[in-house]
Structure formats: C-alpha cells, structure tokens
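Worksheet for the structure shown next.
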Amino acid sequence: MGRRTYGLMERSQLHVLPPTSLSPLPSPLSPIPSPMHLYIHVPFCKRRCSYCDFAIAVRKKVPGDEFVEAIKREFALRHLASSPAAEPLETLYFGGGTPSLLSSSHVAALIRFFREEIGFAEGVEVTMEVNPDDVSPKNSEQWLAAGVNRVSLGVQSLNPAVLEWMHRVHTGEDSLRAIRFLTAAGLPSLSVDVIFGLPEMLKADPAGDLRLLLEHDVDHVSAYGLTVESGTPLAKWTSRGAVLHVTDGAYADEFLQLHEMLLQGGFEHYEVSNYAKPQRRSRHNQAYWTGRRYWGLGPSAHSFGDGIRRWNVRQWAEYHRAVANGSDPKAGEEELSEDQLSLEHWYLGLRTTEGVPVPEGEGEGGDLPPQLRAAIDRGWLTVEGGEGRIRPTPEGWLRLDAIVVSLTTSAEGG
C-alpha cells in the first residue's frame, strides 16, 4: 500500500527526481529569479525525535546571533535582493528543526531584514513552526508583534506514552495550553500537526487527540502517517524487531477516520496530508505543490524556479563555516528536463484536491497513459468531465505512492 506519502514530506523540501539524470549548471552563485516565497530552515532542536531524519543540530544553547548573521550573509552572497526579477514576498516560512528556540528578538530581526531588503506583498503570510513547550503568553505576543501571523504547532499526540516514545519534550497539556496562549494573543491562523499510523503497542488514539484539539481554536490540521526513515532511532528499533509496523488495514482505517472527522468539522481536504477551514490553507506550502518559485535559506534548504532546483549543505556547522568565509553553501544544483518537469507536474498535482487537468484532446480520460487509466479503474483516481480534472479519491490518497511509482517507472522506460 502506498502509505509512505504521508511521511512528513511537507517539512522536507521535495526532491522528486533522480539526480543522476540531471545536468548541473555551471554558475556557483546563480540567483533564482522572481521569488514570491521564502523558506528559512532553523536547524536547532533540544532533542532528535525518534522518527526524524531532518537536518537538525541538537544544542543546549541556540546560537541565535550567529544564525541570524549567517542567513543575512547567504542572502547577500546569492545577490538575492538585486535579482532583476525579485518581487515582494507573498509568504515567509520559518521551518526546522525548531524555530521557536530562537528568541523573539531574533525572529523579529529576520522578519524586519526581509521586509526591508525585499518587501512584503499585501497580506503576506508569515508562518513559524513552534513546539508547544516553547509557548508562553509573553512570547506569543512578541511573535505576533514581530510579524508572525500563522503558527504551525507540533502537537503530534496528546498521549504521554506516545510523546515519550517519540522523544518529544512536551506534554499533551503543554499543547492545549499553547493553543490557549496563542489564541488569547490574537494569532490569526493556527495549524496543528497530528501523527497517525503508530505502532499498535503504543495504544495511540489519534482520533481522540484530534477530537480534543478541534474543541479549541484550530483552523488547519496536518495529519501525517508515521514513516520509517533510514538512520533514525525508529529505523533501528524496527530493524531489530523492537517495533512492528501498524497493519495496512489499521493505517487506512485511522486515516479515513481522521479524514471524515475533519470534513464533518468544516475542514477542506486540500492536499494529501492537509486540511483547512475556508480561507485558511497554507499559501506557502501551496507554492511548492503548484510549482511556484521559492527561495530557501539555511542548512539543507532548497530553492526552485524556472526549472532549476538547488539545495544547501545539510549540516549547520558546515553551512555556518561556508557563509562565514564568504562561500556559497550550495551542495548541489540541477536543471529539470521537460520530461522531469512533466512528471513533477503530475506528482505534485495529484497531491492536491485540485488535481491535474485532463490533457487536451483526451476527453474524460479514455486516452490517458495506462498507469493513470489503471488507477482510475481501481477507484484511486476520478475524472470529472465537467471540470476536466483528474483527482484522487479517499482510497487514492492512501495509494498515491503506488500511482507515483508507476508514473516514475514509465518516465524512466522501466
């Protein structure tokens, strides 16, 4: 079953196509033009979660001054402010890692820097990922005063045994208290993360967690299925048999239960793992799924525009050393071919409820590639002739990986 699509993909920048088939560009400092969206990767964490394979740096003391200066230096090294096609930012996203470990003054300094250097479009969306234990009434107010108008709160679970197993440092009560603090401060939009598909031995209750969260002022939910990533504590536990995967049937049942609860609660299912109240979708993440230009600054951050993708070195120490020495922290760059762009168009489009337009002249899908026709016949995709779009069904969300693999195999001639 194609369930691994749900594996926290939102927070790691998408890198879909095999790098061996791509041609590197010669310029080491080539800015990507016309940015509308900016991602800042804050790598610092108090502890690595059991399932996490993101680029993080565990620190007892966060080097906030050094981080802010490094981001400014990378921005200058890449000549982003002087790009002739540069436009005011529509979205600014602080991801991680744990951005809420930065002091509010550091967050404010970065927001002020980008407002002055690039400018913000009217109604700019400024999101910060926050851990519940970092939230207080004071810093809630300070984040909003700095310009943050959307928070993504890493709840994951309200069950103490599950949180301990995940190596999370907050409690369920911390999460509920954080929601109350952020709401009282007047935060315009609040998203919460929930993980399902956990090992049965934990006796997790994601539906119960969600039911309680929805009693609070939450307007966006990201529901992620647990995945096992190589090199993580979870992968080691799994390899020696200490942890067993939840069955595919239980996984599907949990997803469909959460899905139905959210729809009944007035949420729109607008992307494979994301649900929002009307007018509360994540505009930043939608930029990724619709192929918009975006810049990424910080260790491991990715950028994309005009068919070019680039990414930075992964480790904070290497990144910091590079920018301090006046060097580009780029780890790689690739130019996507027409076939690869087409594949990515299908892959990203099928992640969303908007789906992908039926190719011109193909009616209601009768002449589609056999891989898509097979998915339609199995009830994983639907073709809506009136709108002329191909969309996943609820079963299709669970099978999306299998659909993508079939498209990838076709593109590679396998």
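For region 101-145, take every pair of Cα atoms, bin their distances at 10 Å starting from 0, and report each bin as a whole percent.
23, 55, 21, 1
How many nm is it between the label spots at His216 and Glu200, if each spot is 7 Å from the Cα in line with the beta carbon?
3.1
In terms of Cα to Cα distance under 20 Å, which lysines are near enough to Lys60, apart from those fewer than 8 places away along the same chain?
Within the straight-line cut-off, Lys60 pairs with Lys46.
What is the projected area of the convex hull of the Cα atoms of region 123-268, averaged over all directions, in nm²?
9.4
Give me, ordered by chain and number, the residues 5 or more places off Arg314 or on other chains with an amide H under 5 Å from its own placed amide H.
The list, which skips near neighbours in sequence, is Ser300.
Given points 7 Å out from each Cα along the Cα-Cβ axis, report the Arg48 to His79 separation in nanometres with one decimal.
Inter-label distance under the simple model: 3.8 nm.
Working out 0.36 nm times the residue gap between Lys61 and His345, then minus their Cα-Cα distance, what length gain in nm do you get to one decimal?
98.1 nm
May I have the pair-distance distribution P(r) for region 273-386, computed from all Cα-Cα distances with 10 Å bins from 0 and rounded to whole percent?
11, 31, 28, 19, 8, 3
Which far-off residues, 5 or more places away or on another chain, put their amide H under 5 Å from the one on Val155, with H placed in the peptide plane?
Under 5 Å from the amide H of Val155 lie the amide H atoms of Asp193, each far enough along the sequence or on another chain.
Assuming 0.692 mPa s and 37 °C, estimate D for region 129-210 with Stokes-Einstein, Rh taken as the Kirkwood radius over Cα pairs, in µm²/s.
Answer from the Stokes-Einstein relation: 250 µm²/s.
So how far apart, in nm, are the two label points at Glu395 and Glu117 if each is 7 Å from Cα heading toward Cβ?
Each label point is offset 7 Å from its Cα along the Cβ direction, giving 5.1 nm.
Can you tell me the mean projection area, over all orientations, of the convex hull of region 191-322's alpha carbons? Units nm², please.
Spelled out: convex hull of the Cα atoms, projected over all directions, averaged, 10.8 nm².
So if we plug the beta-carbon distance of Gln264 and Ser136 into 1/(1 + (r/R0)^6) with R0 = 41 Å, what FRET efficiency do we get, rounded to 0.05?
The computed FRET efficiency comes out at 0.80.
Kirkwood Rh over alpha-carbon pairs of region 65-129, then Stokes-Einstein at 25 °C and 0.890 mPa s: what D in µm² s⁻¹, rounded to an integer?
195
By how many nm would the segment from Arg378 to Trp237 lengthen if fully extended, with 0.36 nm per residue of separation less the alpha-carbon distance?
Length difference between fully extended and current span is 47.3 nm.
Per residue of region 305-317, in order, report the coupling 6.51 cos²θ - 1.76 cosθ + 1.60 (Karplus, θ = phi - 60°) as ³J(HN,Hα) in whole Hz, putting x for Gly and Pro.
x, 6, x, 10, 10, 9, 8, 8, 4, 7, 8, 4, 4
When N counts the residues of region 38-197, how does its alpha-carbon radius of gyration compare numerically with 2.2 N^0.38 Å, as a ratio?
Normalised by 2.2 N^0.38 Å, the Cα Rg of region 38-197 equals 1.06.
Quote the FRET efficiency, to the nearest 0.05, computed for Gln257 versus Asp306 with a Förster distance R0 of 30 Å and r equal to the Cβ-Cβ distance.
After rounding, the FRET efficiency stands at 0.10.
With a 1.4 Å probe and every protein chain left in place, tell me how much accessible area Asp133 has, in Å² to the nearest 10.
50
Give the long-range amide H neighbours of His167: residues separated by 5 or more places, or on another chain, with amide H under 5 Å away, using H modelled in the peptide plane at 1.01 Å from N.
Distant-sequence amide H within range of His167: Ser50.
The values are calculated or read from the model by the stated rules, or taken from the named source; none is laboratory data. Computed from a prediction, not measured in an experiment: that's the story for all the values here. Every residue, glycine among them, receives a Cβ derived from its backbone with ideal geometry; neighbour counts consider all protein chains shown. Accessible surface is based on the protein model in full, side chains and every heavy atom, while ligands, DNA and RNA are left aside. Shrake-Rupley method; radii C 1.70, N 1.55, O 1.52, S 1.80 Å.
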